[in-house]
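All of the numbers you see were taken from the coordinates with simple rules; none came from a lab. From a predicted model like this one, the values you see are computed outputs, not experimental measurements. Cβ coordinates were reconstructed from backbone atoms using ideal geometry, including for glycine residues, and neighbour counts include every protein chain displayed.
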Amino acid sequence: MEIKGKVFVFGDDVNTDEIIPARYLYTHDPEELAKYCMEDARPGFGKREDIRGGIIVAGENFGCGSSREHAPISIKAAGISCVIAKSFARIFLRNCINIGLPIIEIKDISGFKEEDIVRVDFNEGIMENEKTGKKYEFKSYPDFMKEIILSGGWINYAKNLVKGEKDG
């Protein structure tokens, strides 16, 4: 599994209210939530066309705050292909895996600038800033987690398992 995209840099302690403000939780529609992704951190971010396929790079404690699943849903629906951070709030991390949004926790995120291009190879556990040539190593997902993400989330993964049992 490999992803390549433009970098969008955010700081430390980006909370779920900044990712998807509570005033927009009148809906569960992913496409509607996507419009307001990161609205309080960077107004208009979710409505930008150039974020599709992009990669968020952030500091410590990304996704802290409430446990709402709407936050990673809004990121994924906005077209962000991966989130890289020094650390994630535990529930946010789990919600990302559950919906099939790839995330990477890595302590060294130095050298990333807005609009750099990063290539992430999940099989090898390597990402490269193509603008600077700097490579970073990270712990690759276990195979079952790769399958969950490739399936588009836990529900699709479980459906595929059941379907495979019926077909097998």
Which Cα, out of Pro43, Val162, Pro30, lies furthest along the positive dipole direction of region 2-167 (beta carbon charges, K/R +1, D/E -1)?
Val162
Kirkwood Rh in Å, taken over region 2-167 so that all alpha-carbon pairs contribute
16.0 Å
Taking only C-alpha pairs under 8 Å that are 6+ residues apart, what is the relative contact order of region 72-168 in percent?
25 percent
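Per residue and in Å³, how big is the convex hull formed by the alpha-carbon atoms of region 28-70? Write down the numbers at each step before the final one.
Working: hull volume 4.0 nm³, N = 43.
Dividing the Cα hull volume of region 28-70 by its residue count gives 92 Å³.
Quick one: of Lys35/Lys139; Lys86/Lys113; Lys76/Lys113; Lys6/Lys159; Lys47/Lys139; Lys35/Lys146, which pairs are farther than 26 Å apart, Cα to Cα?
Numbers: Lys35/Lys139 32 Å; Lys86/Lys113 15 Å; Lys76/Lys113 21 Å; Lys6/Lys159 32 Å; Lys47/Lys139 32 Å; Lys35/Lys146 28 Å.
Over 26 Å apart, Cα to Cα: Lys35/Lys139; Lys6/Lys159; Lys47/Lys139; Lys35/Lys146.
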Percent antiparallel among DSSP beta bridges confined to region 2-167, nearest 5, equals 50 percent
Quick one: which of 66-76, 33-43, 114-124 comes out on top by average Cβ neighbours within 10 Å, and what's the full order, highest first?
66-76, 33-43, 114-124
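For Arg90 and Val162, compute 0.36 nm times the residue count separating them, minus their Cα-Cα distance, and round to one decimal in nm. Could the numbers behind the result be given before it?
Values: separation 72, 0.36 × 72 = 25.92 nm, distance 2.81 nm.
Here the answer is 23.1 nm.
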Would you kindly state how much longer the chain becomes between Arg119 and Glu105 on full extension, computed as 0.36 nm times their sequence separation minus their alpha carbon distance, in nm to one decimal?
3.5 nm
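Placing +1 at every Lys and Arg Cβ and -1 at every Asp and Glu Cβ, with all other atoms neutral, what dipole size does region 2-167 have around its Cα centre, in debye to the nearest 20? Each step should come with its number before you reach the end.
Values: 24 positive and 28 negative charges, 28 e Å.
Computed about the Cα centre, the dipole is about 140 debye.
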Got a sec? Charge dipole of the chain, +1 on Cβ for Lys and Arg, -1 for Asp and Glu; which of Leu150, Ala71, Asn123 is way out at the positive end?
Leu150
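Could you work out the relative contact order of region 2-167? I mean the mean sequence separation of Cα pairs under 8 Å and 6+ apart, divided by the number of residues, in percent.
Values: 354 pairs, mean separation 38.0, N = 166.
Across region 2-167, relative contact order equals 23 percent.
For Glu49 and Glu2 in one chain, what is 0.36 nm times their gap in residues minus the Cα-Cα distance, to one decimal in nm?
Details: separation 47, 0.36 × 47 = 16.92 nm, distance 2.16 nm.
Result for the pair: 14.8 nm of gain on full extension.
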